[in-house]
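Have a look at the structure below, then the notes.
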Amino acid sequence: MNTSMIKSRFLSNPEDIGVVAVGFSGGQGKAGVDAGPSALIESGLLSQIQNELNYKLHGDDKVNAYNDLVPKQDPPYRNMKNPGTVSAVTQRLSEQVYSHAKEGRMVLTLGGDHSIAIGTIAGTAKAIRERLGRETAVIWVDAHADINTPETSDSGNIHGMPVAFATGLAKEEKPEYFGWLKPENMLNVNKLVYIGLRDVDAGEKKLLRENGIKAFSMFDIDRYGIGRVVEMALAHIGNDTPIHLSFDVDALDPMWAPSTGTPVRGGLTLREGDFICESVHLTGNLVAVDLVEVNPSLAVDREAEAETIRAGCSLVRCALGESLL
Ligand SMILES: NC(=[NH2+])NCCC[C@H](N)C(=O)O
Ligand SMILES: [Mn+2]
Ligand SMILES: [Mn+2]
C-alpha cells in the first residue's frame, strides 16, 4: 500500500516521527497502564506506521519506565498523589518531546496515564514557539476534562489535573512539583478544545465556564453529529495553528475500549473516534499526538484487552493518515 499522508505545514520533516513510549502509571492508582505502550507496540503499531504509512521512525522502540526518576519518598503535596514522581517524569518527557519537535518531526507519545500530557504539551508548546513563533492548540478527546487543580480534585490523582497545569490554571513555584513549567511550556486556554466529555466534576465545570473554554460534550455530538462538532472545534482553533491531539482512549465507549482505568458509558463509537483523528490529520496542522490510558490488565478477558489495543492502534493510524485513498 502506498499511502499519501498529508504533510503537516508546520513540520520541517513531516515524514519523520519521534516516538516516545511512556510506561508510567503514577498519575493514578491502578497498576497496569504502564504496560499500555508495550501492548500497543507488540501488536504491531510501530511497524504499521513505518511500513504501511511510510514514516521514518525515531526515538523509542522500547518502553521507558523512568524508574531512575522515582524519589525514595513522595508524600502528598497540596492533595496530589505521587507529586514528585509525576513532576520528574513529565519534566524528562517534556525534554524528549521537545527534542523531536525541535527537529521538525511529528511526535507520537504512547501512554501511560494522562498525567503525561503535562510533559508532552510542555515539550511541543516550547518547540513550536521557538521554531515558528506560534502557539500550539490542543484538541483534548476524553470522557473527562482533566482540568482539576490540586484543590478542586476529589481523588488527588494527577491524571485528572494535566490541563490545569498545562494552562497555568494550577500554579506551583517549587521546581520539584511542576514549578519547572515556564511560560514557553504553557497552553493558552483559547487554544484548547474538548471533544467527548461526559464525566466532568463540579469544580471542573466551574473552571471551564469561568475561563470560557470551548468544550463539546457527548450531548453536542448527539445533537450536531460528529462531523459538525469536529468542524466547530477546528474553527475555534483557527486554520493557521499547529495542533497537538491528546486522545484518552476512555473517550471511546467502553464497548470499544473497555480496558481502561476510568471507563464511562455513553461514549464515542470507534468510528467517531477515528473520524476525529482523520479530520485532524486532514487539516495538515497536526504536530503531535498522545494516546493514553490503555490499561491491558483491566480487561475482563483477552478479547476485551485485544479490542482496546486494536482501537488505540486504529486511532493513532488515523491521526497519521491511514484512511486517505
Ligand atoms: N485521565 C483520566 N482518565 N482522568 C480521570 C479523572 C477522573 C476525575 N475527574 C479525577 O479528577 O480524578
Ligand atoms: Mn478520561
Ligand atoms: Mn484523560
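Values in this text are rule-based calculations from the coordinates and carry no lab data. Please read all numbers here as calculations on a predicted model, not as lab measurements. A quick note on method: Cβ atoms are made from the backbone with ideal geometry, for glycine too, and the neighbour counts reach across all protein chains shown.
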Taking 281, 58, 244 and counting other beta carbon atoms within 10 angstrom, the fewest-first order is 58, 281, 244
Checking 64, 239, 185 against a Gaussian network model of the chain (alpha-carbon springs below 10 Å), the top fluctuating residue turns out to be 239
Fewest to most Cβ atoms within 10 Å: 277, 318 sort as 318, 277
Placing each pseudo-label 7 Å from Cα in the direction of the beta carbon, residue 301 and residue 31 end up separated by a distance in nanometres of 2.5
Exposure-ranked with fewest Cβ neighbours within 10 Å first, 33, 193 stand as 193, 33
Note on the chain: contact order normalised by length, alpha-carbon pairs under 8 Å, 6 or more apart, percent, works out to 23
Per GNM of the chain with C-alpha springs under 10 angstrom, the most fluctuating residue out of 301, 201, 220 is 301
Of the convex hull enclosing the alpha-carbon atoms of segment 174-230, the direction-averaged projected area in nm² is 5.4
Any aspartates and glutamates whose Cα falls less than 15 Å from that of residue 205, other than same-chain ones fewer than 8 residues away, would be 142, 146, 151, 154
Note to self: C-alpha centroids of segment 260-302 and segment 54-91 sit apart, in Å, by 22
With only helices counted (DSSP H, runs n ≥ 4, each -39500 (n - 2.57)), the per-residue ellipticity at 222 nm for the chain, to the nearest 500, works out to -11000 deg cm²/dmol
Projecting the Cα atoms of 312, 20, 125 onto the charge dipole of segment 16-319, where Lys and Arg contribute +1 and Asp and Glu -1 at Cβ, the residue farthest towards the positive end is 125
Per principal axis, largest first, the Cα atoms of the chain extend in Å by 52, 40, 40
Too long for a 19 Å Cα-Cα cut-off, among 126/206; 81/171; 171/206; 182/206; 102/214; 56/126, are 126/206; 182/206; 102/214; 56/126
As a percent rounded to 5, the proportion of antiparallel DSSP bridges among beta bridges in the chain is 5
For the chain, any Cys whose C-beta has no other cysteine C-beta under 4.7 angstrom counts as unpaired, and these are 313
The size of the Cβ-based charge dipole (Lys, Arg +1; Asp, Glu -1) of the chain about the Cα centre, to the nearest 20 debye, is 780
